[in-house]
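One structure is given below, encoded as structure tokens.
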Amino acid sequence: MSKKYSKIGLRAGLEIHQQLDTREKLFCSCEPKLFKGEPEFTFIRRLRPTQSELGQVDSAALFEFQKETRILYEANNESVCLVEMDEEPPHDLNREAVEICLIASLMIEAEPVDEIHVMRKTVIDGSNTTGFQRTCVVALNGEIDIKGKKVPIQQVSLEEDAARKTGKDGHLIRYRIDRLGIPLIEVTTAPVIYSPEEAEETAFAIGRILRATRRVRRGLGTIRQDVNVSIRDGALIEIKGVQELELVSKVIENEVQRQLGLLEIRNELKKRGVNKEDITEDFVDVTHVFKKTKCKVIAKALKQNKPVLAVRLSGFAGLLKKELASDMRLGSELAGLARFWGRVGGIFHSDEMPAYDITGEELNQLGLLLKKDSMDAVVFVADTLENATDALKAVTERARLALEGVPEETRAANPDGTTKYMRPRPGAARMYPETDVPPIQVTKQYINQLDNRLPELPEQLMKRLMTAYKLNRKLAKQILDSEYLELFECLAKEKKVSPTVIAVALTETLKALKRDGIKVEAVTDEQFREMFRLIGAGKTAKESIPEVLSWLASNEEATVRDALEGLGLSMMSRKELEELVDDVIEKNSEFIELRGKGAFGPLMGIIMKKARGRVKVQLVSGILKKRLEDTIT
Ligand SMILES: [Zn+2]
């Protein structure tokens with residue numbers, strides 16, 4: 001495996017972002033909490049074009065794009081104040097967040113800086129109301145051991161989280177700013193990771209250290225990985241927002257395949273003798289071809305008086321549908337760019353035809369109008385003249401870049417491990433000092449203090465989980481790698497239920513439910529606690545855990561008692577159980593006569609099927625054994 005990757009010159013680096021569990025946000029006193037439902041207020045801002053204070057200017061096209069874009073910010077009072085709205089300067093840096101970062105830094109043997117300076121990092125997508133993200137380096141030059149290899153940690157930073165995007169409609173983008181300002185630790189490795197497996201192991205190792213601080217948040221979106229990937233002859237691609245550690249290797253594998261696929265396309269285009277000059281911005285209005293179309297998307301656009309514009313991509317026939325990596329094609333790359341630059345919903349292209357109820361006759365006419373020959377592809381789009389033009393400009397520009405190979409860009413990770421075009425890669429120099437926040441001195445004395453009371457390292461923690469709670473190695477490791485370590489210890493200390501039962505529920509059971517698409521993150525600590533209390537008190541059996549958890553996941557704010565009632569999983573009384581046993585014995589009297597004591601196993605099976613989750617197995621077997629003996633003698 002890794003041999004294959006060294007041959008193609010894979011290099012990867014990781015940036016792990018993890019939300020810290022602080023009482024307040026990084027630069028204000030708001031509660032770091034996301035809200036659901038409708039926002040209490042909204043406000044609109046224009047996107048600030050990125051002419052940073054150092055005079056760095058991005059491409060002219062990007063500048064124009066940003067000038068046009070407006071952002072609708074959604075907020076509520078509990079999680080947003082004037083700081084997030086950029087109506088008031090930031091308050092001092094949150095000391096609690098600084099401390100957690102320093103602790104994590106010391107745990108990976110990084111050297112804390114003498115003075116923490118807050119910097120501004122230009123943000124081009126509107127995810128920060130200020131147009132920049134505040135960030136500060138806390139420590140440098142750490143390392144982490146991955147199976148005997150020392151992976152250098154270049155730096156540990158403390159950052160404010162960005163707003164979360166909730167939608168896009170033409171020139172208007174929606175963001176929810178409750179997340180803005182939540183403290184994040186960012187751990188950056190050197191780009192010396194040479195295989196997808198190694199990347200995943202590194203991500204897990206860093207995640208373990210961060211959780212070992214016991215002061216990080218848990219749940220979907222609280223940890224996010226950015227991955228930088230390059231291969232020889234390819235390009236450096238930045239992939240943002242991998243939400244699960246388990247996806248890191250898949251994302252990298254896919255990116256390697258994508259780059260290799262793009263290089264193959266480049267070679268094929270060369271073989272076909274395609275030149276940059278062959279790909280021109282000759283956009284043709286082909287609206288009349290679709291006057292009577294059955295294609296719903298186009299028909300809808302025509303009804304709104306939007307035109308259909310088309311462009312010929314000389315020599316691209318068959319290449320748009322070529323699969324680069326699982327479910328990623330050049331066609332979808334073009335669509336991604338068209339969406340970003342042209343604000344369109346998507347594009348049509350000849351490689352995917354016939355489809356979408358577009359007829360052969362319509363395609364013929366389209367081909368004639370565009371002078372398409374058998375080696376050409378055609379891309380067309382139905383939208384306003386402005387959007388369609390911008391979209392096709394992006395498509396032709398991207399098609400030209402296909403002749404060079406892999407264009408540098410920033411991509412976004414999808415939940416299935418594929419990626420999509422996100423935006424161009426920002427220029428290099430994009431940091432400048434934040435003058436509103438004074439620097440913080442980090443004294444030797446303070447560092448010594450922290451160093452003397454560092455939390456257990458993952459290896460120590462693992463050992464303790466095995467000795468203190470009698471977990472086997474596998475379970476201990478799973479708890480260590482789960483987000484529920486903290487909760488596990490709390491629950492295990494309550495001594496209501498055996499630690500192994502709790503550990504299985506918090507790892508294997510949750511994983512299985514997640515695989516079935518159940519949103520287990522919704523289950524709160526309080527609900528877990530109540531569930532184990534009720535099991536401990538004999539109100540329900542441990543076998544009911546999966547059902548109770550999946551019920552709670554879809555019934556927020558409900559109690560575990562509600563779940564037991566809703567599911568009919570309250571414990572059976574001894575009387576009810578005895579009646580059930582008698583009933584089963586009566587219905588199977590012939591079988592019992594035939595098999596004698598050998599009937600025990602099958603009858604147990606029948607009873608447990610009816611009573612699982614509502615009885616203790618030992619109790620059933622005791623009653624059944626007794627009743628069977630009575631019947632047989
Ligand atoms: Zn605030």
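The values are calculated or read from the model by the stated rules, or taken from the named source; none is laboratory data. Values in this document were obtained by computation on a predicted structure and should not be read as measured data. Here the Cβ positions follow ideal geometry from the backbone for every residue, glycine too, while neighbour counts run over all protein chains shown. Ligands, DNA and RNA are stripped out before the accessible areas are found, and what is left, the full protein with its side chains, is counted by its heavy atoms. Shrake-Rupley method; radii C 1.70, N 1.55, O 1.52, S 1.80 Å.
Taking the options K514, K610, name whichever one is of a type in the set (K, R), in contact with a helix residue (DSSP H, G or I) (Cβ under 7 Å, 6 or more places away or on another chain) and either under 25 Å from G219 (Cα atoms) or surrounded by 15 or more Cβ atoms within 10 Å (Cβ to Cβ) (or both). Just a single option satisfies the conditions, and that option is K514.
Within segment 1-41, being in contact with a Phe, Trp or Tyr (Cβ under 7 Å, 6 or more places away or on another chain) and crowded, with 19+ Cβ neighbours inside 10 Å holds for Y5, L10. One residue alone among R70, R95 is more than 16 Å from the ligand (Cβ to nearest atom), in contact with a His (Cβ under 9 Å, 6 or more places away or on another chain) and open to solvent by 20 Å² or more (accessible area, probe 1.4 Å), and that residue is R70.
Determine if segment 155-172 includes at least one residue that is open to solvent by 10 Å² or more (accessible area, probe 1.4 Å), away from the ligand (no atom under 16 Å from the Cβ) and of a type in the set (A, V, I, L, M). The answer is yes; a qualifying residue exists.
Taken over segment 1-46, the criterion of being closer than 23 Å to V187 by Cα and among the aromatic types (F, W, Y) is satisfied by F27 alone. Cβ separations smaller than 8 Å between residues 6+ apart or across chains give the following pairs from segment 71-96 residues that are at negative phi and part of a strand (DSSP E or B) to residues that are crowded, with 20+ Cβ neighbours inside 10 Å and acidic (D, E): A75/E84; A75/D178. Mind checking which pairs have a first residue in segment 565-577 that is in contact (Cβ under 8 Å) with a residue 12 or more places away in the chain and a second that is among the acidic types (D, E) and crowded, with 16+ Cβ neighbours inside 10 Å, Cβ under 7 Å, 6 or more apart or different chains? Hits for this filter: L567/E547; L569/E547. Inclusion of A388 among residues that are within 16 Å of A335 (Cα to Cα) and either open to solvent by 40 Å² or more (accessible area, probe 1.4 Å) or not in a helix (DSSP H, G or I) (or both) is not warranted. Listed by position, the helices (runs of 4 or more DSSP H) inside segment 525-581 whose residues that are polar (S, T, N, Q) number at least 2 are 545-554.
So, in segment 12-36, how many residues would count as being outside any loop (DSSP other than H, G, I, E, B), away from the ligand (no atom under 16 Å from the Cβ) and not aliphatic (A, V, I, L, M)? Count: 4.
For segment 316-346, taking the residues that are among the acidic types (D, E) and outside any loop (DSSP other than H, G, I, E, B), the one that is most open to solvent (accessible area, probe 1.4 Å) is identified as E323. Regarding I185, is this residue over 26 Å from S29 (Cβ atoms) and in contact (Cβ under 8 Å) with a residue 12 or more places away in the chain? No. Candidates in segment 517-529 are the residues that are under 16 Å from S550 (Cβ atoms) and touching a residue at least 24 places away in the same chain (Cβ under 8 Å); of these, the one that is most open to solvent (accessible area, probe 1.4 Å) is K519. When the criteria are applied in full, I177 meets the requirement of being within 16 Å of the ligand (Cβ to nearest atom), touching a residue at least 40 places away in the same chain (Cβ under 8 Å) and open to solvent by less than 10 Å² (accessible area, probe 1.4 Å). If only one of P415, P426 is modelled with pLDDT under 95, in contact with a strand residue (DSSP E or B) (Cβ under 8 Å, 6 or more places away or on another chain) and either of a type in the set (A, V, I, L, M) or over 30 Å from A310 (Cβ atoms) (or both), which one is it? After ruling out the rest, the residue left standing is P426.
Please work out if V248 is β-branched (V, I, T), in a loop (DSSP other than H, G, I, E, B) and touching a residue at least 24 places away in the same chain (Cβ under 8 Å). Criteria not met by V248.
Of the numbered criteria (1) free of Cβ contacts under 8 Å to residues at least 12 places away in the same chain; (2) more than 30 Å from the chain's Cα centre (by Cα), the one V497 fails is (1). Regarding segment 194-206, can at least one residue be identified that is within 16 Å of the ligand (Cβ to nearest atom) and either of a type outside the set (A, V, I, L, M) or without any contact (Cβ under 8 Å) to a residue 12 or more places away in the chain (or both)? Checking segment 194-206: not a single residue is within 16 Å of the ligand (Cβ to nearest atom) and either of a type outside the set (A, V, I, L, M) or without any contact (Cβ under 8 Å) to a residue 12 or more places away in the chain (or both).
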